[in-house]
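The values are calculated or read from the model by the stated rules, or taken from the named source; none is laboratory data. Being a predicted model, the structure only gives us computed values, none of them experimental. With ideal geometry, Cβ positions are generated from the backbone for all residues, glycine too; neighbour counts draw on all protein chains shown.
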Amino acid sequence: MYSRYLLTGLLRCAVCGARMRAQTAIKRKRGHLYRAGWYRCSFAADKGPAVCGHRVWYRQDRLEGALIAQFREAMTPPIVDALTRAVNAEVDAATHTHDDRARELKTEILRLEREAGNLVRFLAGGESFSVRTELQSIEAGLQGLRLELAEIEHEAGLNLPRASSGWIRARLEHLAALLRDDAPRARLEILKHLDGDLMIHPRPSETPTATHARGAGHAFEIRGRIKHNSLLAVNQEAACGTLVAGAGFEPATFGL
């Protein structure tokens, strides 16, 4: 679904769990009308404070700008180096996993082939329905194992490329460009790295009142969980710097 709002469908209210609604509202300031984008809790808007007291309206440009700035600040040489090491560690781990699985498959294939040979020799002395059924079962199992082994050996032959710091930086710069210029595509890219939704809530000391529910000066936190296999889930510094805080890390805190 197209939306010019970066966090459409990604952001939930941490108070009640409802989706944060992205909307455009016309405001009057100093006698002039202007249009501005906002995020607000859909339950607080539709069902009132009895259901959710999260009444803050978050300015789109300030909220999204804070997240983008946090991401840009993370694109430092130490974090790029950390990401590079992590990606290459994943490549090495995948290679070892493939090798271990290939050895397991070869061992199991040899075992089943010996069993099949024994059954064939038994059948040479006379027909047996139960033995033939067992032989057919073994042959079906062998077929599946051989297919899996062939797939693993094919992948091993591809020689997974190791990442360079230049490649990592190019990926990060690509996402940064999407964040800046193409909200729909940036949203899809963010989804690749998130395990669940982002949760937003005002800081306890900044709980809104009726007099400043739409005003400036709101401090808020955004929490989220990064997928373990995501390039962004490398270490605390990288995770906090790239849009959200992962499990076990301090939440990213912003003031608008």
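Here is a check on your reading of the model: is E151 without any contact (Cβ under 8 Å) to a residue 60 or more places away in the chain and among the charged types (D, E, K, R)? Full working, then the answer.
Working: without any contact (Cβ under 8 Å) to a residue 60 or more places away in the chain: yes; among the charged types (D, E, K, R): yes.
In short, yes.
If you scan segment 55-78, which residues turn out to be in contact with a helix residue (DSSP H, G or I) (Cβ under 7 Å, 6 or more places away or on another chain) and in a helix (DSSP H, G or I)? Can you show your working first?
First, pick out the residues of segment 55-78 that are in contact with a helix residue (DSSP H, G or I) (Cβ under 7 Å, 6 or more places away or on another chain): 55, 68, 70-75.
Of everything in segment 55-78, those that are in contact with a helix residue (DSSP H, G or I) (Cβ under 7 Å, 6 or more places away or on another chain) and in a helix (DSSP H, G or I) turn out to be I68, Q70, F71, R72, E73.
Conditions tested, residue by residue: (1) of a type outside the set (S, T, N, Q); (2) modelled with pLDDT under 85.
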| site | (1), (2) |
| --- | --- |
| I68 | yes, yes |
| M75 | yes, yes |
| V87 | yes, yes |
| E90 | yes, yes |
| R103 | yes, no |
| N118 | no, no |
| R121 | yes, no |
| I138 | yes, no |
| L147 | yes, no |
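Being surrounded by 17 or more Cβ atoms within 10 Å (Cβ to Cβ), among the aromatic types (F, W, Y) and at pLDDT 80 or above is the requirement here; does F220 meet it?
Yes; evaluated as a whole, the condition is true for this residue.
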### Query
Hey, does segment 22-39 have a residue that's at pLDDT 90 or above, among the charged types (D, E, K, R) and out of contact with any Leu (no Cβ under 7 Å at 6 or more places or on another chain)?
no
## Note on the structure
How many residues of segment 90-108 are of a type outside the set (D, E, K, R) and surrounded by fewer than 12 Cβ atoms within 10 Å (Cβ to Cβ)? The answer is 4
### Query
Residue check: is R101 touching a helix residue (DSSP H, G or I) at 6+ places or on another chain (Cβ under 7 Å), touching a residue at least 40 places away in the same chain (Cβ under 8 Å), assigned to a helix (DSSP H, G or I) and of a type in the set (K, R)?
yes
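Yes or no, residue by residue, for (1) under 30 Å from R171 (Cα atoms); (2) touching a residue at least 12 places away in the same chain (Cβ under 8 Å); (3) not charged (D, E, K, R):
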position: I68; (1), (2), (3): yes, yes, yes
position: P78; (1), (2), (3): yes, yes, yes
position: A82; (1), (2), (3): yes, yes, yes
position: E90; (1), (2), (3): yes, yes, no
position: V131; (1), (2), (3): no, yes, yes
position: Q143; (1), (2), (3): no, no, yes
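Name every residue in segment 124-181 that is among the polar types (S, T, N, Q) and more than 20 Å from V87 (Cβ to Cβ), in order of residue number. Give the steps one after another, and end with the answer.
Step one: list which residues in segment 124-181 are among the polar types (S, T, N, Q), which gives 128, 130, 133, 136-137, 143, 159, 164-165.
Once the filter is applied, which keeps residues that are among the polar types (S, T, N, Q) and more than 20 Å from V87 (Cβ to Cβ), segment 124-181 yields S128, S130, T133, Q136, S137, Q143.
Of everything in segment 116-130, what is part of a helix (DSSP H, G or I) and either out of contact with any helix residue (DSSP H, G or I) (no Cβ under 6 Å at 6 or more places or on another chain) or surrounded by fewer than 15 Cβ atoms within 10 Å (Cβ to Cβ) (or both)? Give them in sequence order. Break it down stepwise before answering.
We begin by selecting, within segment 116-130, every residue part of a helix (DSSP H, G or I); these are 116-123, 129-130.
Result: G117, N118, V120, R121, F122, L123, F129, S130.
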### Query
Going through segment 93-144 one residue at a time, which ones are hydroxyl-bearing (S, T, Y) and within 40 Å of the chain's Cα centre (by Cα)?
T95, T97, T107
### Task
Give me a count of the residues in segment 154-194 that are in a loop (DSSP other than H, G, I, E, B), in contact (Cβ under 8 Å) with a residue 40 or more places away in the chain and of a type in the set (D, E, K, R).
1
## Note on the structure
All conditions in (1) farther than 30 Å from E155 by Cβ; (2) in a helix (DSSP H, G or I) are true of D81 except (1)
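Which members of segment 3-35 meet the condition of being assigned to a strand (DSSP E or B) and surrounded by fewer than 16 Cβ atoms within 10 Å (Cβ to Cβ)?
Step one: filter segment 3-35 for residues assigned to a strand (DSSP E or B), giving 11-13, 19-29, 32-35.
Scanning segment 3-35 gives Q23, T24, A25, I26, K27, R28, K29, H32, L33, Y34, R35.
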### Lone unmet requirement of (1) at pLDDT 80 or above; (2) closer than 16 Å to H201 by Cβ; (3) surrounded by 15 or more Cβ atoms within 10 Å (Cβ to Cβ) for P49
(3)
